[in-house]
Amino acid sequence: MDSNDLTPNYRIVFSGDSDSETWDYIIRKYYDDVSNIDVLIAPHHGRATGGNDDYLDILKPRLSLLGNAKSEYLDYDAWNRRNLPHYTNNQAGNIILDMLYDKIRVLFSNETFAKNWDGYSYDSSLDAYYVCDV
């Protein structure tokens, strides 16, 4: 974000059901737009069925959100190998991204999971627990 501009300029990719061919096209046509993004809503809820995971090496999301899915199908390893932070609804409950001008605040509705973060706190206006900034 430009320090003179008060409008947030976050780069978030909602990937839906994108597969390997889709990622090849996106990276070929929109490389600069999808490189080093802020947030990725993972394809196929983060399941291994999302295709080739090489797109993560280009996107390098500062945060990835993986939707509800049975844990035996989740592909955590694709994110873990790259040391990319990722959270799932299975763990965190509802995940809120509170987009302020200079940061994205991350909040979870699941207090038990939120307690894993030092300095977590309850935000009554959002009825969720603040855990970190992106």
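Quick notes
- Rounded to 5, percent antiparallel among DSSP beta bridges of region 12-133: 60 percent
- For Lys115, the aspartates and glutamates whose Cα comes closer than 17 Å to its Cα, not counting residues fewer than 8 places off in the same chain, are Asp123, Asp127, Asp133.
- Among 114-125, 17-28, the order from most to least packed when residues are scored by Cβ within 10 Å on average: 17-28, 114-125
- Normalised per residue, the volume of the convex hull around the Cα set of the chain (Å³): 116 Å³
- Unit charges at the beta carbon, dipole of the chain: most positive-side option, Leu40, Leu126, Tyr87: Tyr87
- Mean ellipticity per residue at 222 nm, deg cm²/dmol - from DSSP H runs of n ≥ 4 across the chain, formula -39500 (n - 2.57): -6000 deg cm²/dmol
Here, each number is a calculation from the coordinates, and none is a lab measurement. No experiment lies behind these values; they were computed from the predicted model shown. Glycine also receives a Cβ, built like all others from the backbone with ideal geometry; neighbour counts cover every protein chain displayed.
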